[in-house]
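**Q** Before we start, here is the structure in question, set down as C-alpha cells.
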C-alpha cells in the first residue's frame with residue numbers, strides 16, 4: 001500500500017517505524033499541509049534511514065498524482081481538518097493528528113465524508129498504546145475494579161518553547177481540544193459510557209506571552225449510569241520537573257481503584273493493596289493495528305466513530321469553557 | 001474556663017488532649033446532643049483518664065446549669081446546628097463538628113447569632129492542622145509555587161460500617177458537606193480566593209444498602225482571578241487499602257506545583273524536582289489555637305467567617321448536585 005505523510009508538525013512518529021519496517025507499506029511522498037510548514041526534520045530523518053520518497057509542495061497535488069492508499073496527516077492544527085477532508089474525498093485511509101478538527105462544522109463534514117465513503121479513519125490518541133494506559137485498560141476490562149463509577153484525568157505539561165501558531169485560537173484550537181482530548185478519551189475508553197453533559201473552564205493568565213493559549217483548564221463531565229469524571233489540564237509543570245508531562249488517571253470502580261501515574265499502574269482491589277506497581281504489558285503497534293484494520297485483519301483501538309466522538313466532546317467542552325455554561329452532550 | 005462536650009459522634013478527639021492537659025481548662029460536664037446518642041465511648045475514655053465530670057441527659061440543661069465558657073459540639077450531624085445555635089444564644093464559645101449545619105436556613109441563623117454575639121466559633125476542618133497539609137500551606141504562603149492557578153482535591157474513604165443515620169439525607173446531610181467540605185476548605189485556604197460558581201454531581205449507586213448515602217461525588221469550581229478547582233469524593237476505597245483514607249491535593253501555581261498525597265508533600269519548583277518529600281513541620285494544636293484566640297492571644301486557622309463560608313459553599317455544592325445545574329456563589 002502506498003503511504004504518504006502530509007505535514008510534520010505532530011506525531012508522525014507513531015506511524016514511521018511500521019512504515020519503514022513493513023514491506024507491504026511503501027512511503028511514496030511527503031508534502032506540507034500548511035504553506036511554509038517546516039518539513040526539514042522529517043526529510044532529514046527519512047534520508048538518514050535511506051528512505052526514498054518524493055517531495056511535493058502541495059498536498060493536493062500529492063494526493064492527485066500519487067493516489068496513495070493511506071495518508072498520515074499532521075500539519076499545523078488548523079489545517080488538519082482540510083487535509084483529512086481532501087484525503088477522505090479521494091478515498092484515502094487517514095491516520096490523523098488530533099484533534100481531527102478545530103471547529104464543529106469541519107468535524108461534521110469529516111463525519112459525513114467518512115460515512116459516505118469507504119475510508120478507514122483514526123486519530124492519534126496514541127496514549128491508548130502507551131504501556132501504562134494499555135495495561136490499566138486491560139485490567140479494567142477484565143473486571144479488576146468492578147463497574148467504573150468515577151474518573152479523574154490529568155495532563156500537565158512543561159510550557160517550554162511553542163511555535164507561533166500556539167498563540168492564536170484560530171491556529172491552536174485551545175488547550176482543551178489539543179491537550180485535554182487525551183484525558184477525555186481515557187474517560188470514555190475506561191468507562192465505555194456516553195457523555196451526558198460538561199462544564200469546563202480555562203484561563204490564559206500568566207501564559208508567558210503566548211497570547212491566546214490557555215495555561216490552565218478543567219472540566220467536569222456527567223456520563224451515563226451516573227458516572228462522574230473530571231479533567232485537569234495545565235502547562236505549569238516547572239522546567240525542573242523530572243519529565244515533560246505528568247499524565248495521571250484515577251479510575252474508581254465498585255470493586256477497586258486503578259491509579260495511573262509516572263508511567264506506572266497501581267491497583268487496589270481484593271487481591272492487591274496498591275503498594276507495588278503492576279507489571280506492564282507490551283502493547284501492539286498503533287499504526288500496525290490501524291493497517292491491520294484496513295486489511296480487515298484487526299481492529300484499531302480508536303475507531304472512526306470514537307475519533308469523531310471524542311473530538312466532538314472536546315470541542316463542546318471548549319465551548320462550555322468559552323461560554324461558562326454547562327452544555328448537554330446528548 | 002469551664003468546658004463541656006456535647007455529643008460524642010465526631011472528632012472530639014481534636015479537643016480532648018488540650019482539655020485534659022491545660023490547667024486553665026476545666027471539663028465540667030458532657031451530654032448527648034441527640035436523644036439516645038451513645039456517649040459510652042467518651043465516658044469510659046474520660047474515666048480511664050481519671051477525669052471528673054458531670055453527665056446530663058439534656059444539653060440544654062447542661063448549658064443552663066453549668067454555664068460553660070466553651071462547648072465542644074459533635075453530635076449526630078443533623079443536630080449539630082441546633083446545639084451550636086443554643087450555645088451561641090447563651091454566649092458560649094463553640095468548637096463544632098463540620099458541617100456547622102445541614103441546611104442553609106440553619107446556617108443563616110448561626111451566622112446571625114454569631115454576628116450579634118461575642119462568641120468565638122470554629123468548625124473541625126482539622127486537616128488544616130495535619131502535618132502534611134500544614135506544611136504545604138506554609139510553603140504555598142511563602143511563595144514556593146508563585147500565584148495559585150489550579151487545584152485538584154480528593155477524598156477517598158473506605159465505606160466500612162456506618163451508623164444508621166448515614167442512610168438518610170436528613171440526618172447525614174450528604175457526602176459533599178460531610179466529606180467534601182475538607183477539600184472545599186483546602187481550595188479556599190490555599191488559593192485565598194472567593195468562589196464564583198460550582199457545578200457538582202453525586203451518585204448513590206452501589207452504596208451497599210446505605211440507602212441515600214452518595215458513594216461518589218465531584219464538583220468543579222470557578223474562583224476569583226480565573227482560578228479553577230475540582231473536587232473528587234468517593235467511599236470506594238477497598239478494605240484492602242493500606243489506609244482508611246486517600247486524601248490528596250494538587251496545587252498548581254505560576255512557579256511550581258505542590259502535590260500532597262499519602263501524608264507527604266512533594267514540591268516541584270526552581271529549587272526542587274519533587275523526587276523527595278519535603279520535611280514536615282510540627283503544627284500547633286488546633287484546640288489550643290482556638291482557646292488562645294478566645295483569650296485574645298492568637299488566631300485559630302479557621303475563623304468563624306471561614307467556618308460559615310466553607311459550610312455555605314458545601315451546602316450550595318450539594319444543591320448543585322441535587323439539581324444538576326451550575327450555581328452562582330457570589
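**Q** Counting only residues that are assigned to a loop (DSSP other than H, G, I, E, B) and in contact with a helix residue (DSSP H, G or I) (Cβ under 7 Å, 6 or more places away or on another chain), which one in segment A:299-323 is farthest from residue A:78 (Cα to Cα)?
**A** A:299
**Q** Out of B:174, B:201, which single residue is in contact with a helix residue (DSSP H, G or I) (Cβ under 7 Å, 6 or more places away or on another chain), more than 22 Å from residue B:101 (Cβ to Cβ) and touching a residue at least 40 places away in the same chain (Cβ under 8 Å)? Steps first, please.
**A** Numbers: B:174 fails: more than 22 Å from residue B:101 (Cβ to Cβ).
The match here is B:201.
**Q** Moving to a separate point now. Which residue, of B:283, B:238, is part of a loop (DSSP other than H, G, I, E, B), touching a strand residue (DSSP E or B) at 6+ places or on another chain (Cβ under 8 Å) and either surrounded by 15 or more Cβ atoms within 10 Å (Cβ to Cβ) or without any contact (Cβ under 8 Å) to a residue 40 or more places away in the chain (or both)?
**A** Working: B:283 fails: touching a strand residue (DSSP E or B) at 6+ places or on another chain (Cβ under 8 Å).
After ruling out the rest, the residue left standing is B:238.
**Q** Confirm whether residue B:296 is surrounded by fewer than 20 Cβ atoms within 10 Å (Cβ to Cβ), part of a loop (DSSP other than H, G, I, E, B) and on the phi > 0 side of the Ramachandran plot.
**A** Working: surrounded by fewer than 20 Cβ atoms within 10 Å (Cβ to Cβ): yes; part of a loop (DSSP other than H, G, I, E, B): yes; on the phi > 0 side of the Ramachandran plot: yes.
Spelling it out, residue B:296 is indeed surrounded by fewer than 20 Cβ atoms within 10 Å (Cβ to Cβ), part of a loop (DSSP other than H, G, I, E, B) and on the phi > 0 side of the Ramachandran plot.
**Q** For residues that are surrounded by fewer than 21 Cβ atoms within 10 Å (Cβ to Cβ) and touching a strand residue (DSSP E or B) at 6+ places or on another chain (Cβ under 8 Å), scanning just segment B:1-13, find the one that is farthest from residue B:171 (Cα to Cα).
**A** First pass over segment B:1-13, keeping only residues surrounded by fewer than 21 Cβ atoms within 10 Å (Cβ to Cβ): B:1-2, B:10-11, B:13.
Then keep just the ones that are touching a strand residue (DSSP E or B) at 6+ places or on another chain (Cβ under 8 Å); that gives B:1-2.
Values: B:1: 32, B:2: 30 Å.
Only one residue tops the list, namely B:1.
**Q** Write out, first by first residue and then by second, each pair whose Cβ atoms fall under 6 Å of each other, whose residues are 6+ apart or on separate chains, and whose first residue, in segment A:303-330, is under 9 Å from residue A:201 (Cα atoms) while the second is assigned to a helix (DSSP H, G or I).
**A** A:317/A:176; A:318/A:176; A:318/A:177
**Q** Oh, and also: Could you please give the count of residues in segment A:112-129 that are touching a strand residue (DSSP E or B) at 6+ places or on another chain (Cβ under 6 Å) and part of a helix (DSSP H, G or I)?
**A** Qualifying residue count for the region: 1.
Table: residues versus (1) part of a helix (DSSP H, G or I); (2) away from every other protein chain (no Cβ under 14 Å); (3) in contact with a strand residue (DSSP E or B) (Cβ under 6 Å, 6 or more places away or on another chain).
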{"site": "B:156", "(1), (2), (3)": "no, no, yes"}
{"site": "B:165", "(1), (2), (3)": "yes, yes, no"}
{"site": "B:187", "(1), (2), (3)": "yes, no, yes"}
{"site": "B:196", "(1), (2), (3)": "no, no, yes"}
{"site": "B:202", "(1), (2), (3)": "no, no, yes"}
{"site": "B:205", "(1), (2), (3)": "no, no, no"}
{"site": "B:208", "(1), (2), (3)": "no, no, no"}
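**Q** Continuing with this model, one more query. Which condition number does residue A:243 fail, the rest of (1) at the interface with chain B (Cβ under 9 Å from one of its Cβ atoms); (2) at pLDDT below 95 being met?
**A** (1) is the only condition that residue A:243 fails.
**Q** Are any residues in segment B:254-266 more than 7 Å from every other protein chain (Cβ to nearest Cβ), crowded, with 24+ Cβ neighbours inside 10 Å and out of contact with any helix residue (DSSP H, G or I) (no Cβ under 6 Å at 6 or more places or on another chain), and if so, which ones? Spell out how you get there, then give the answer.
**A** Here is the first cut: in segment B:254-266, the ones more than 7 Å from every other protein chain (Cβ to nearest Cβ) are B:255, B:258-266.
Now drop any that are not crowded, with 24+ Cβ neighbours inside 10 Å, which leaves B:258, B:260, B:265.
None - no residue of segment B:254-266 is more than 7 Å from every other protein chain (Cβ to nearest Cβ), crowded, with 24+ Cβ neighbours inside 10 Å and out of contact with any helix residue (DSSP H, G or I) (no Cβ under 6 Å at 6 or more places or on another chain), so the list stays empty.
**Q** Let me ask another. I'd like the residue in segment B:267-278 that is more than 8 Å from chain A (Cβ to nearest Cβ) and in contact with a strand residue (DSSP E or B) (Cβ under 7 Å, 6 or more places away or on another chain) and, out of all such residues, is nearest to residue A:199 (Cα to Cα).
**A** Per the stated criteria, the residue is B:267.
**Q** Can you work out which of the residues in segment B:130-154 that are outside any helix (DSSP H, G or I) and within 19 Å of the chain's Cα centre (by Cα) is nearest to residue B:310 (Cα to Cα)? First the steps, then the outcome.
**A** First, pick out the residues of segment B:130-154 that are outside any helix (DSSP H, G or I): B:130, B:142-154.
Add one more test, that the residue is within 19 Å of the chain's Cα centre (by Cα), and what stays is B:130, B:151-154.
Details: B:130: 18, B:151: 16, B:152: 17, B:153: 15, B:154: 16 Å.
Among those that are outside any helix (DSSP H, G or I) and within 19 Å of the chain's Cα centre (by Cα), it is B:153.
**Q** Another question, then. Working only within segment B:215-234, note down all residues that are within 10 Å of chain A (Cβ to nearest Cβ) and either over 15 Å from residue B:153 (Cα atoms) or modelled with pLDDT under 95 (or both). Spell out how you get there, then give the answer.
**A** Start the filter on segment B:215-234 by keeping residues that are within 10 Å of chain A (Cβ to nearest Cβ), which leaves B:215-223, B:225-234.
Matches in segment B:215-234: B:215, B:225, B:226.
The values are calculated or read from the model by the stated rules, or taken from the named source; none is laboratory data. All figures in this text were calculated on a predicted structure; none of them were measured in a lab. Heads up, the Cβs are rebuilt from the backbone with ideal geometry, glycines too, and the neighbour counts pull from every protein chain shown.
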